[in-house]
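A quick write-up on the structure given underneath.
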Amino acid sequence: MKIDLRLFGAFRDLDPSGVVRLDVADDATVASVREAFAAFGLRAWGERFQPGLLAVSAFASEREVLHDRTPVAGLGELAVLPPVSGG
Amino acid sequence: MKIDLRLFGAFRDLDPSGVVRLDVADDATVASVREAFAAFGLRAWGERFQPGLLAVSAFASEREVLHDRTPVAGLGELAVLPPVSGG
Amino acid sequence: MHADIVWRELDVRDIAREPLDAAAALDFVSDPAFGGIAMFVGRVRDLNHGRAVTGVSYDIFAPLALATFAAICEEARAKWGPRLRVHVSHAHGRLDIGDIAVVVAVGTPHRDEAFQACRHVIEAVKHRAPIWKREHYADGDSVWSQGCSLCGRDEAEATA
Amino acid sequence: MHADIVWRELDVRDIAREPLDAAAALDFVSDPAFGGIAMFVGRVRDLNHGRAVTGVSYDIFAPLALATFAAICEEARAKWGPRLRVHVSHAHGRLDIGDIAVVVAVGTPHRDEAFQACRHVIEAVKHRAPIWKREHYADGDSVWSQGCSLCGRDEAEATA
């Protein structure tokens, strides 16, 4: 299935549209999306993509930060959140 | 010598002018003014005067709270400060 | 005190449209029953880690930011009681030096809870809300600020 | 940062002439180098110790109050450093429910010192400034509030 991943902060710099579409299995979890984004990032952006930043980034819906084990079917859209720096 | 004592809070209620003139010795200290005010208060206001309130009141100039041992010659005017309740 | 709707005011505001309004925040958290209001206002500083800053840009995942503000307010209400009003607003977009980036205001009957709740809310907003700051420097460079990872935040909350 | 005159603003204000102004206090403590502003606003509550309050009157020994505010600000500056701006204002006269009785605002480079200094200043103002509050009740009665004795304050400061 297709899932849209919204990009914020340093990840948004990689794609001005602020969203990438990933292909994941129907039973994909947040962890699967993380892996799919890592593979996509290295392929699409090469050295501009920082796996180390992804390692400390969380995934979330519009309502909450999601656990790596959470299934993503039905969510349609996720966001990848680098470490936050508000205020 | 004469010294003017300004009244605040509950003491001001006793005299709408907000000031009483006391007669004290030339070498009077704050403690002497306290005693003179106690005597004046009982004489002038009777039961309306509260010695217990005076016991927890401080004396001050316009610049600082004064120690009981401080001589008052030259100060001209003092204030008696009941427990404070600002804010 | 009325229903839930009334006691909190949350906003992610596009700074190009309208600046944050600290005076309005004070008004919102005021109540005849409240004697104490504590407020925090965060502004853009001209220097950070020794570099001259000319401005900052905030990127925000707005729906989750508002949900996070709401969760933080609920925590404050659970901890300091229902007699409480909270305002949280954060700027979105490009800010100049001195512009207001964030406002938190809390009104309560007494000042101790107001201070404590205000501090709790601003710390939580800074550490947990999906907001990213990019600093722009005098030399033309710009850098995303180091931040707080939200990884494990879900477990931390589940076991809290 | 300039000379001593600039970093603090102190006021005892006749409420019949002009209300306290929290927004102006915020402006005063703002500085391009300051990222954090903490503010406390005290308002008149409609209930105290279970009695319905209709208003309060403040009696103030103004010159000593201003000297006390200044001493408290100096303490904050000694403790949290010279990069600090402080506003302290207190209302004088008769106030209605909701009227602002006191405003303390502190601006510093970072938020932790702002919160700490703001709290220190409001506590010190409440415990040490020569200000007396009389509460007026719905039944027509009025009572001077219980307060903090300043006796021994001179020794406490001399040995601090």
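Bear in mind that the values in this text are calculations on the coordinates, not laboratory data. Every value quoted in this text rests on a predicted model; they were computed, and no experiment measured them. A quick note on method: Cβ atoms are made from the backbone with ideal geometry, for glycine too, and the neighbour counts reach across all protein chains shown.
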Review point. Whose Cβ in chain A comes nearest the axis that rotates A onto B, and by how many Å?
Key: A:Gly87, 14
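Below 8 Å between Cα atoms, with a sequence gap of 6+, how large is the relative contact order for chain B in percent? Walk me through the intermediate numbers first.
Details: 129 pairs, mean separation 32.8, N = 87.
Relative contact order, chain B: 38 percent.
Can you compute the helix-only [θ] at 222 nm over chain C? Use -39500 (n - 2.57) per DSSP H run of at least 4 residues, normalise by all residues, nearest 500 deg cm²/dmol.
Numbers: 5 runs with 55 residues, N = 160.
Value at 222 nm, helices only: -10500 deg cm²/dmol.
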Practice item. Give the nm distances, rounded to one decimal, from C:Ser149 to the matching residue in every other copy, measuring between label points 7 Å along Cα toward the beta carbon; shortest first. Key: 5.7
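Counting only other chains, and only Cβ atoms inside 10 Å, what mean value do you get across the residues of D:133-144?
Counting other chains' Cβ atoms within 10 Å and averaging over D:133-144 gives 2.
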Review point. Counting only residues 5 or more places away or on other chains, whose amide H sits under 5 Å from the amide H of A:Thr70 once H atoms are built in the peptide plane?
Key: A:Val30, A:Ala31
**Study point:** Residues C:Thr108, D:Thr54 arranged by fewest to most Cβ contacts within 10 Å
**Key:** D:Thr54, C:Thr108
Review point. Per the Kirkwood definition applied to all pairs of different Cα atoms, how many angstroms is the hydrodynamic radius of chain D?
Key: 16.4
Check your understanding: Restricting attention to chain B, which chymotrypsin sites (Phe, Trp or Tyr not before Pro) occupy a DSSP loop and are surrounded by at most 10 other Cβ atoms within 10 Å?
Key -> none
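Of all trypsin sites (Lys or Arg not before Pro) in the stretch A:34-87, which ones are in loop regions per DSSP and have a Cβ with at most 15 other Cβ atoms within 10 Å? Could you put the intermediate results ahead of the total?
Values: sites: A:Arg34, A:Arg43, A:Arg48, A:Arg63, A:Arg69; in loops: A:Arg63, A:Arg69.
Those that pass, being in a loop and sparsely packed, are A:Arg63, A:Arg69.
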**Study point:** Taking A:Ser61, D:Ser142 and counting other C-beta atoms within 10 Å, the order from fewest to most
**Key:** D:Ser142, A:Ser61
Exercise for review: Find every distance from the label point of C:Ala24 to the corresponding label point in the other copies (7 Å from Cα along Cα→Cβ) and write them in nm, one decimal, shortest first.
Suggested key: 2.3
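For the stretch D:76-160, what class follows from the C-alpha gyration tensor (a ≥ b ≥ c being the square roots of its eigenvalues): rounded when a/c is under 1.5, otherwise prolate if a/b is larger than b/c, else oblate? Can you show the working numbers first?
Values: a/c = 3.43, a/b = 1.52, b/c = 2.26.
Verdict is oblate for the stretch D:76-160.
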Study note, to complete from the structure: For the protein assembly as shown, one quarter of the surface area of the C-alpha convex hull, expressed in nm², comes to 27.9
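Which order results if C:Ile37, D:Ile72, C:Ile97, C:Ile15 are arranged by neighbouring Cβ count within 10 Å, fewest first?
On the way: C:Ile37 29, D:Ile72 25, C:Ile97 16, C:Ile15 19.
Neighbour counts put them in this order, fewest first: C:Ile97, C:Ile15, D:Ile72, C:Ile37.
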Check your understanding: Can you give the relative contact order of chain D as a percent, counting alpha carbon pairs under 8 Å and 6+ residues apart?
Key -> 33
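For a test of the definition: using alpha carbon positions, the gyration tensor, and the 1.5 limit on a/c, classify the stretch D:19-113 as rounded, prolate or oblate. Intermediate values should be presented prior to the final figure.
Values: a/c = 2.45, a/b = 1.79, b/c = 1.37.
Taking the square roots of the gyration eigenvalues as a ≥ b ≥ c, the stretch D:19-113 is prolate.
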Exercise for review: Identify, among B:Leu42, B:Ala58, B:Leu22, the residue whose Cα sits farthest towards the positive end of the charge dipole of chain B, taking +1 on the Cβ of Lys and Arg and -1 on the Cβ of Asp and Glu, with the dipole about the Cα centre.
Suggested key: B:Leu42
Check your understanding: DSSP beta bridges in the stretch B:2-81, what fraction antiparallel, as a percent rounded to 5?
Key -> 75
Point to revise | Pseudo-label separations to other copies for D:Lys79 - Cα-to-Cβ vector, 7 Å, nm | key: 2.2
Study note, to complete from the structure: So the angle from the long Cα axis of helix D:111-128 to the longest Cα principal axis of chain D, reported in degrees to the nearest 10, equals 40
Review point. Expressed as an acute angle from 0 to 90° and rounded to the nearest 10, what is the orientation of the C-alpha long axis of helix C:62-80 relative to the principal long axis of chain C?
Key: 40
Practice item. Take the alpha-carbon centre of the stretch A:1-53, take the same for the stretch D:7-21, and report the distance between them in whole Å. Key: 56
Practice item. For chain A, state the average projected area of the convex hull of the C-alpha atoms over all orientations, rounded to one decimal in nm². Key: 5.6
